[in-house]
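The values are calculated or read from the model by the stated rules, or taken from the named source; none is laboratory data. Just so you know, these numbers come straight off a predicted model, no measurement behind them. Here Cβ is always computed from backbone atoms with ideal geometry, including for glycine, and neighbour counts include all displayed protein chains. SASA here: full protein model, heavy atoms, side chains in, ligands and nucleic acids out. Shrake-Rupley method; radii C 1.70, N 1.55, O 1.52, S 1.80 Å.
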Amino acid sequence: VHLSGFQAKPLPGKAPALPVSGGELPKLGTASVAIVDELDKFNPLTGEMIPKQAAGYTTANHLWTAKDRTVSLHAAKGEIVGFQVSFTGAVKTVNPTLAFPTLPKLAANFGRYVHVAAGDQTLPDPIVRLDGGLSVPSADEGIDGQKVGSLHVEIIVPKETPAGDHAGTLTLQAGTEKLELPIVMRVWDFTLPDRLSFLAEMNTYGLGGPERGYYRLAHRHRTVLNVVPYSQRGEVHPGWGPGWNGTHLDFLKWEQRFGAYFDGTAFDDMPRKGVPLDAFYLPLHENWPTTVEGHYNGSYWADEAFDDKYRKNFVSASKQFAEHVNERGWNDTLFQGFLNNKVDFKRNGWSRATAPWLLDEPASFQDFWALRYYAQAFHEGVSSVPGKGKVIFRADISRPMWQRDSLDGLLDYNVVNNDWRRYRRMVLDRQRAHGDLIIEYGSANDIGRSNTQAVGWCIDAWSLGADGIVPWLTVGSGEAWKKAESTSLLYPPRFVSSVEPIPSIRLKAYLRGQQDVEYLTLLSQATGEPRWSIGQQVREHLKLTGKREGTGAAGEDAGVLSYDKLLPQDAWALRVQIGEALSKLKPPAKDRLVELRTPKRVAPK
């Protein structure tokens with residue numbers, strides 16, 4: 001037996017010291033003003049915080065002390081950083097401005113935390129663009145007895161920003177009264193990449209309202225919106241699939257609708273300028289391009305269940321997608337062949353589902369065998385097309401321990417639930433053998449829980465070897481403005497006159513988590529320290545022990561990983577420690593950190 005002589009290097013640098021004494025909070029009008037982390041949450045009636053913070057936190061924390069009234073920020077070039085300005089007490093029409101004399105091109109965005117009913121509480125979640133100032137109590141929210149309200153301040157740091165400390169001023173004005181707070185922002189000497197090495201995928205099953213607005217909102221927050229383009233009834237949503245005449249696909253209207261996402265022009269005016277969409281579901285499924293009806297003989301086994309025409313059309317459509325992607329040079333988007341439908345939906349009526357098996361979250365081996373049948377047909381079409389396009393097969397697996405070798409060499413994008421942690425060795429061994437990406441799926445935290453959940457989940461999943469995470473549902477309904485929905489990370493437009501969707505502070509937590517993972521990826525590349533070694537130390541450093549909890553969802557419950565013990569200042573301290581080290585190492589900026597590992601598949605026998 002030969003044991004490794006590898007000695008893990010400790011994380012570089014030291015955690016920054018936190019201030020221990022505060023002072024008296026400054027006032028604007030009759031309201032006390034404090035600077036806290038953007039992920040901190042105030043009950044507007046009681047002032048209680050989620051997560052619970054120690055006494056004196058609002059007067060002295062990782063971002064400021066009331067004694068010197070100075071806000072301290074840290075950022076990489078190309079990073080988006082934010083903080084929260086809380087007002088305890090009555091104040092009317094606060095209008096903020098932010099200026100850095102040495103950084104005239106720096107952009108700052110101001111929003112206000114809007115409250116929604118969450119159980120027996122009313123808590124902040126949507127971040128609405130500030131228009132007309134912030135008042136406490138808020139006239140349009142109608143919260144009787146409101147004592148606390150908050151501004152959200154977000155800074156987009158240009159890539160060309162000089163490294164070093166930059167002084168600025170946050171000015172808060174309410175009528176004739178004015179409060180000026182100095183800001184010192186340290187910009188480190190390295191740049192975050194525009195191309196994502198870790199995907200926070202915002203899954204949803206349909207969009208109403210401003211389609212392009214949703215894609216742009218997710219892109220701005222370094223996440224990727226991915227919309228399943230068909231229903232359990234086997235109907236492709238109007239316009240979400242190319243035309244099919246029985247033998248050929250007509251891409252004209254489909255490309256007119258979606259092409260700007262794949263070449264990046266839809267994002268030309270955004271922080272990650274011109275970077276294409278990272279992932280996109282293709283409309284291929286069991287009922288498209290060919291219907292199940294008329295071609296299915298009732299067999300439990302998919303390779304015996306369909307006639308030759310059905311399979312031939314699936315192969316042909318897969319091939320035509322690959323040809324079109326390569327012809328257009330859309331080489332940066334992961335075009336996913338994915339089967340989402342379940343036979344279980346037939347329990348509510350035979351016409352409710354077209355899938356004869358559980359193609360999503362397979363359970364019986366016949367379900368895995370059916371996925372194998374479709375994956376083989378998919379790769380038979382795709383692998384015959386030369387080029388750099390990434391047309392890949394995806395499956396969502398809730399029982400990796402029952403998979404056996406059914407999808408070996410066929411599964412490119414392995415979306416697996418929290419059980420992969422229990423069977424991690426098995427999942428990672430498959431990855432090493434076959435090159436698939438591992439994406440962990442679950443749920444976003446309830447609004448009544450700590451917003452550090454998303455940050456902890458991103459860091460923890462990366463540390464364990466995952467390439468991304470997927471909250472299973474992320475676009476809220478119109479009712480989310482009245483009653484909290486844990487699945488509303490992207491809110492629909494609030495008013496009839498609104499044209500754009502609204503981010504939640506929880507979406508911004510995924511932005512934070514994704515950026516933190518980029519720090520860790522850069523550290524691994526710059527030092528040569530293996531990812532698993534850094535990940536192990538990070539998990540110990542932050543005491544990341546994600547606990548899976550049920551969400552109460554009917555049927556298959558994706559569950560949610562709880563990181564309630566992780567405080568915003570803990571994640572901040574790790575980021576600053578790593579950031580200082582990277583600034584000394586000066587890693588070169590790279591357009592893409594991690595290429596898709598999946599090898600070019602060959603047509604399976």
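Name the single residue, out of those in segment 88-100 being in a strand (DSSP E or B) and not hydroxyl-bearing (Ser, Thr, Tyr), that is surrounded by the most Cβ atoms within 10 Å (Cβ to Cβ).
Once the filter is applied, the top-ranked residue is 94.
Checking the conditions here, which among 345, 368 is open to solvent by less than 40 Å² (accessible area, probe 1.4 Å) and either of a type in the set (Phe, Trp, Tyr) or under 22 Å from residue 197 (Cα atoms) (or both)?
None of the others qualify; the one that does is 368.
Within the set of pairs 6 or more residues apart or between chains, which connect a residue that is at pLDDT below 95 inside segment 93-104 to a residue that is surrounded by 12 or more Cβ atoms within 10 Å (Cβ to Cβ) and part of a strand (DSSP E or B) with Cβ atoms less than 6 Å apart?
102/166; 103/166
Kindly list the number of the only condition in (1) within 15 Å of residue 574 (Cβ to Cβ); (2) in contact with a Leu (Cβ under 6 Å, 6 or more places away or on another chain) that fails for residue 507.
Single failed check for residue 507: (1).
Considering (1) open to solvent by 10 Å² or more (accessible area, probe 1.4 Å); (2) touching a strand residue (DSSP E or B) at 6+ places or on another chain (Cβ under 6 Å), say which one residue 413 fails and leave the rest.
(1)
Return the residues of segment 1-59 that are assigned to a loop (DSSP other than H, G, I, E, B), open to solvent by less than 60 Å² (accessible area, probe 1.4 Å) and closer than 18 Å to residue 115 by Cα; say none if nothing qualifies.
37, 38, 39, 40, 43, 44, 47, 51
Within segment 180-192, is there a residue that is closer than 30 Å to residue 468 by Cα and part of a loop (DSSP other than H, G, I, E, B)?
yes
Could you tell me which residue of segment 540-555 is modelled with the lowest pLDDT, considering only residues that are open to solvent by less than 70 Å² (accessible area, probe 1.4 Å) and not in a loop (DSSP other than H, G, I, E, B)?
549
Of the residues 494, 506, which single one is open to solvent by 10 Å² or more (accessible area, probe 1.4 Å) and either in contact (Cβ under 8 Å) with a residue 40 or more places away in the chain or assigned to a helix (DSSP H, G or I) (or both)?
Residue meeting the stated conditions: 494.
List the number of the failed condition for residue 261; all other conditions in (1) assigned to a loop (DSSP other than H, G, I, E, B); (2) crowded, with 21+ Cβ neighbours inside 10 Å; (3) not β-branched (Val, Ile, Thr) hold.
Unmet for residue 261, out of (1) assigned to a loop (DSSP other than H, G, I, E, B); (2) crowded, with 21+ Cβ neighbours inside 10 Å; (3) not β-branched (Val, Ile, Thr): (1).
Across segment 60-87, which residue is surrounded by the most Cβ atoms within 10 Å (Cβ to Cβ) among those that are hydrophobic (A, V, I, L, M, F, W, C) and either part of a loop (DSSP other than H, G, I, E, B) or touching a helix residue (DSSP H, G or I) at 6+ places or on another chain (Cβ under 7 Å) (or both)?
Across segment 60-87, the extreme among qualifying residues is 76.
Kindly evaluate residue 363 against the criterion of being within 24 Å of residue 298 (Cα to Cα), surrounded by fewer than 23 Cβ atoms within 10 Å (Cβ to Cβ) and at pLDDT 95 or above.
It is true that residue 363 is within 24 Å of residue 298 (Cα to Cα), surrounded by fewer than 23 Cβ atoms within 10 Å (Cβ to Cβ) and at pLDDT 95 or above.
Per-residue answers, yes or no, for (1) in a loop (DSSP other than H, G, I, E, B); (2) more than 27 Å from residue 214 (Cα to Cα); (3) in contact (Cβ under 8 Å) with a residue 24 or more places away in the chain:
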| position | (1), (2), (3) |
| --- | --- |
| 269 | yes, no, no |
| 272 | yes, no, yes |
| 283 | yes, no, yes |
| 294 | yes, yes, no |
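Just one of 103, 170 is more than 16 Å from residue 80 (Cβ to Cβ) and open to solvent by less than 30 Å² (accessible area, probe 1.4 Å); which is it?
That would be 170, the only listed residue that is more than 16 Å from residue 80 (Cβ to Cβ) and open to solvent by less than 30 Å² (accessible area, probe 1.4 Å).
Mind listing whichever residues of segment 231-258 are outside any loop (DSSP other than H, G, I, E, B) and open to solvent by 10 Å² or more (accessible area, probe 1.4 Å)?
Within segment 231-258, 236, 243, 244, 249, 250, 252, 253, 255, 256, 257 meet the criteria.
The rows are residues; the columns are (1) open to solvent by 20 Å² or more (accessible area, probe 1.4 Å); (2) part of a helix (DSSP H, G or I).
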position: 480; (1), (2): no, yes
position: 512; (1), (2): yes, yes
position: 566; (1), (2): no, no
position: 580; (1), (2): yes, yes
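Given the criteria open to solvent by less than 20 Å² (accessible area, probe 1.4 Å), among the acidic types (Asp, Glu), at pLDDT 95 or above and in a helix (DSSP H, G or I), does residue 570 qualify?
So residue 570 does not fit the description; no.
What are the residues in segment 130-166 that are in contact (Cβ under 8 Å) with a residue 60 or more places away in the chain, open to solvent by 10 Å² or more (accessible area, probe 1.4 Å) and part of a strand (DSSP E or B), if any?
Across segment 130-166, the qualifying residues are 156, 166.
I'd like the full set of residues that are open to solvent by 20 Å² or more (accessible area, probe 1.4 Å) and touching a residue at least 24 places away in the same chain (Cβ under 8 Å), limited to segment 119-128.
Within segment 119-128, 119, 121, 122, 128 qualify.
Among residues belonging to segment 429-478 that are farther than 21 Å from residue 204 by Cβ and hydroxyl-bearing (Ser, Thr, Tyr), point out the one that is surrounded by the fewest Cβ atoms within 10 Å (Cβ to Cβ).
Within segment 429-478, the match that is surrounded by the fewest Cβ atoms within 10 Å (Cβ to Cβ) is 463.
On the given criteria, is residue 561 assigned to a strand (DSSP E or B) and on the phi < 0 side of the Ramachandran plot?
When the stated conditions are applied, residue 561 passes them.
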